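Only one structure is covered here, and it is reproduced in the block below.
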Amino acid sequence: MAEYEVLVMTPQIFLRNLRHCFIKMDSVALLVFDECHHAQAPKRHPYAQIMKEFYNNLDKPPRVFGMTASPIIGKGGSNKLIYTKCINSLEELLNAKVCSVDNEELESVVASPEIEVYFYGPVGQSNLTASYSKGLDGYKLQSECMLRESLCNFKESQKKLKSLRRLHENVIFCLQEIGLFGALQAARVFLSSSGGSLDRKGVDIDDNHASFVQHYLNKAISLLSCDVLDGADADSVDLETLEEPFFSKKFAVLIDVLSRYRLEENMKCIVFVKRIIVARVVAHILQNLKCLDFWKCEFLVGCHSGLENMSRNKMGSIIEKFSSGEVNLLVATNVGEEGLDIQTCCLVVRFDLPETVSSFIQSRGRARMNKSKYIFLLERGNQSHEKLVGDYITGESIMDKEINWRSSNDMFDCLEENIYRVNDTGASISTAYSVSLLHCYCDNLPRDMFFIPSPAFFYVDDVEGVVCRLILPPNAAFRQVNSQPCPSKDEAKRDACLKACIRLHELGALTDFLLPGQGSRKTKVSTIDISEINKAEDESFREELHEMLIPAILRPSRYKLDCSLNLHFYYIEFIPKPADRQYQMFGLFVIDALPKEAEKLDVELHLAHARIVKAGIEYLGMITFNKEEMMLARNFQEMCLKVLLDRSEFTSSYVMLGNDAALQMDSTFYLLLPIKQKFYGDKFMIDWPAVKRCLSSPVFQDPRGLSLHDSYLPNESLKLLDGTYSKADVIGSLVFTPHTKLFFFVDVILDEVNAKSEFNGATYAEYFKEGCHIELSHPEQPFLKAKQLFNLRNLLHNRQLESTESEGHELMEHFVKLPPELCSLKITGFSKYMGSSLSLLPSLMCRLENLLVAIELKDLMLSYFPEASQISASGILEALTTERCLERISLERFEVLGDAFLKYVVGRHSFISYEGLDEGQLTRRRSDIVNNSNLYDLSIRRNLQVSSLY
């Protein structure tokens, strides 16, 4: 485990990563497949696709270890030939050998439950049940007529009719299998879910359809409840008094079985049913039977099952409750047959018979306790059901023999897949995945409330098979593609989608990782010279990694730090609105003077709750830094950057600054230092005492040469976590509290508050002891009034205005009271005023750098046409800012004008230059020049992407 990475994921996620080449099969040493019987050649299960698409072509493929309780799939009982084919195909596809565990050895580890059969019936439809069925059929026909009359679209009406019929069939099924009360409860469940999808197979209810479905369900409830309720309220019915036909004979036997085992110690039971609606209805009834109050019942269905769709979190919560014993009865569909490892489950009841021998073996494996029971409910006299159960039991022994002694070498025919692979990346797509990828592409197309882009499929019977015609949305890269003649509609649809995906990749609508978005593409050849677009990382996965242009004025690489420098001095002005906060004055120092247009910088920085700070700069002249001052300034700026970006270093007792005195400047150079007014006039000077005080903090001193702290004087000093400090050093400092892992600015010392002061009906000492498990050692020390260190945010965003009430609360700063002994002193002289200014500076400098880039681009434009002098740098900045920045400016409005201007200029130029071209040829030429691919290529060649703001 120390040498290898172990990744645990669903097969679908692993297959997706392989297809998009985020994981490569040749980097895998071992594959472990749980429930590996799904890996069969004629199926498109993810296990099978992993092996067929990515395993067989490797020189050194990974080893495969599969686990399953049954290597058999498919319906039916003991078909020996099917068993042989399944086992042979599994071995062939997984490149492995199927081995079984000796039954005696297995019994010593996991107990096998005893199989019992309970008979009911025989079932004969009573007159009352037949009457209800006939009445429900009448209501269904009535709703169908209403539906046909309201819908003009034949295809749409057929879809809705199919949905209504499936809903009706579910109600009838519950009537026959559970009884009248079960059908009534099923109708109520459907009615409560009539605002959304009702069944994973398509009982889909939308606004147009809902009224007809609700009409049918209301009529059904009225019919079914007339005898069941007999005028009583639905919640007050005594379920104990209901008999056939209110409860079916089959359901009565289930109640009898659960009643027999209710007194068993530590009893847990799973009841398996086929349908989701049956699971919900049976669970509801069992929860309300007083005779079964021992059972704490829940239902478990798939997470894509409709009917108030059960989320994965809800499924996990129910399984956890079942494991802990909070729930001891689960009514589950086949979703509970695989993967549930409940060691204490000792009773499994098959309310509905399993459909496959694999389902029989898997569901039986849920009962793992000693002396467990596995119970079938069979209709008396139903020979087909009795034979099926017998076949399942004998089929298991046949399967074991076939594993050890194969009677045939026959295998299933492999389902062939057409695969398209991108040479540059290795990403691939097959017919099995083509439909999903095409829908993913359409989902990423622009949409609004009136238009949802989706593909349409039309089928034509050809002499050689079925041909699928695929029509893509109008805003797709192209509109239509036809499949090859195929033996079925499904195969024709997959072939058409594969062709469409290949075409989309060739056009650049799919990246080289076969994902929607702009990728590495060759642009379409046009009448002008268009080069190949440079390869770029897939935007959907690397969208934050954009090359950014550094303004030339801020990247002087010819200077070093070991010399004196003359720098231009700019005063940074902060004007808060409302004017109730103070900010430390700062200065900006650069080697070259900023352009005059940059000196007009005026920025609104948006804080929380509609607070705004207006910021600008003012030129104050030149100032000289000697070598020592340059090192101090560099160390101070390094300290500030660590506090802003990576304050984790300050959790330790020592932080190193400026360890290389000859270090050259980075690509971006400027200094931000605190300043103060001189004693006379309006002139400003650097606040070197504040800089030196911060840099002389104990955290920056080598601990090996650090002297002991001052002696403790109650009126002049405080005992902090890391030593004794004078009160003057603590006030206006930055401290760290290890018990909360947070940093705070100390504002003042609260002489009237200490650990013995009252807090929430107790004392602070009691609060810290009970709430934080900390016993304060110096209860007499006064507390610190502190403000938490900010988290860095982009303040150029235009935040939503808060309510007036929230604004009022926010006018007051938020402070906390801290015991000094829980605080570790980090930076002295680093006050909240300095911290407040530092929180604004990154956003301000970001806007300044962007404005400087816009000014440089303006100068570049001036070299091409002198009219560019009339364009403001702020206008260019707006044109470079994308909507993704979420700022108050963006290029969206300019884009409308720009598109129209480009089409006009290109159209006029082509009209004058090419007199021999007709209007159609001129239009095509203009389209070849003014299109996203060509404009993208031109911008890359001009390196404009480094100037854009994302």
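The values are calculated or read from the model by the stated rules, or taken from the named source; none is laboratory data. Not measured: the values here are computed from a predicted model. For neighbour counting, all protein chains shown are included, and Cβ atoms are generated from backbone atoms with ideal geometry for every residue, glycine included. SASA here: full protein model, heavy atoms, side chains in, ligands and nucleic acids out. Shrake-Rupley method; radii C 1.70, N 1.55, O 1.52, S 1.80 Å.
Whenever a residue of region 316-335 is closer than 11 Å to Ile270 by Cα, its partners that are open to solvent by less than 10 Å² (accessible area, probe 1.4 Å) and in a helix (DSSP H, G or I), lying with C-beta atoms within less than 6 angstrom and at least six residues away or across chains, give the pairs Leu330/Phe322; Val331/Ala279; Val331/Val282; Val331/Ala283; Thr333/Ala279.
In this structure, is Phe351 of a type in the set (Phe, Trp, Tyr) and under 28 Å from the mean Cα position of the chain (by Cα)? Against the criterion (of a type in the set (Phe, Trp, Tyr) and under 28 Å from the mean Cα position of the chain (by Cα)), Phe351 does not qualify. One residue alone among Glu856, Glu867 is touching a helix residue (DSSP H, G or I) at 6+ places or on another chain (Cβ under 7 Å), open to solvent by 30 Å² or more (accessible area, probe 1.4 Å), closer than 29 Å to Glu597 by Cβ and among the charged types (D, E, K, R), and that residue is Glu856. Can you tell me which residues in region 11-64 are hydrophobic (A, V, I, L, M, F, W, C), open to solvent by 50 Å² or more (accessible area, probe 1.4 Å), touching a residue at least 40 places away in the same chain (Cβ under 8 Å) and not in a loop (DSSP other than H, G, I, E, B)? Correct list: empty. Restricting attention to region 746-790, the residues that are out of contact with any Asp or Glu (no Cβ under 7 Å at 6 or more places or on another chain), in a strand (DSSP E or B) and under 14 Å from Leu822 (Cα atoms) add up to 3. Considering only residues in region 585-613 that are closer than 17 Å to Asp859 by Cα and of a type outside the set (Asp, Glu), the one that is most open to solvent (accessible area, probe 1.4 Å) turns out to be Lys596. Scoring Pro698 on the criteria (1) buried (at least 17 other Cβ atoms within 10 Å of the Cβ); (2) modelled with pLDDT of 90 or more leaves a single failure, condition (2).
Scanning region 357-383 for residues that are over 12 Å from Lys268 (Cβ atoms), among the hydroxyl-bearing types (Ser, Thr, Tyr) and either surrounded by fewer than 19 Cβ atoms within 10 Å (Cβ to Cβ) or in contact with a Pro (Cβ under 9 Å, 6 or more places away or on another chain) (or both) returns Ser358, Ser363, Tyr374. Taken together, the residues in region 601-640 that are part of a loop (DSSP other than H, G, I, E, B) and either without any contact (Cβ under 8 Å) to a residue 60 or more places away in the chain or not aliphatic (A, V, I, L, M) (or both) amount to 2. Condition test on Gln484, is it of a type in the set (S, T, N, Q), under 30 Å from Pro42 (Cβ atoms) and open to solvent by 70 Å² or more (accessible area, probe 1.4 Å)? In short, yes.
Can you work out which of the residues in region 124-162 that are closer than 26 Å to Ile285 by Cα and of a type in the set (S, T, N, Q) is surrounded by the fewest Cβ atoms within 10 Å (Cβ to Cβ)? By that ranking, first place goes to Asn127. Selection of strands (runs of 3 or more DSSP E) fully inside region 424-514 by the criterion of at least 2 residues being under 25 Å from Arg16 (Cβ atoms) and at pLDDT 90 or above returns 428-430, 465-471.
Quick grid of which residues meet (1) modelled with pLDDT of 85 or more; (2) touching a Gly at 6+ places or on another chain (Cβ under 6 Å); (3) in a helix (DSSP H, G or I):
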{"residue": "Glu264", "(1), (2), (3)": "no, no, no"}
{"residue": "Met267", "(1), (2), (3)": "yes, no, no"}
{"residue": "Arg280", "(1), (2), (3)": "yes, no, yes"}
{"residue": "Ile285", "(1), (2), (3)": "yes, no, yes"}
{"residue": "Trp295", "(1), (2), (3)": "yes, no, no"}
{"residue": "Ser305", "(1), (2), (3)": "no, no, no"}
{"residue": "Glu308", "(1), (2), (3)": "no, no, no"}
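Of all residues in region 778-799, which are among the polar types (S, T, N, Q) and modelled with pLDDT under 90?
The first filter runs over region 778-799 and keeps only residues among the polar types (S, T, N, Q), leaving 781, 788, 791, 794, 798.
Matches in region 778-799: Asn791, Asn794, Asn798.
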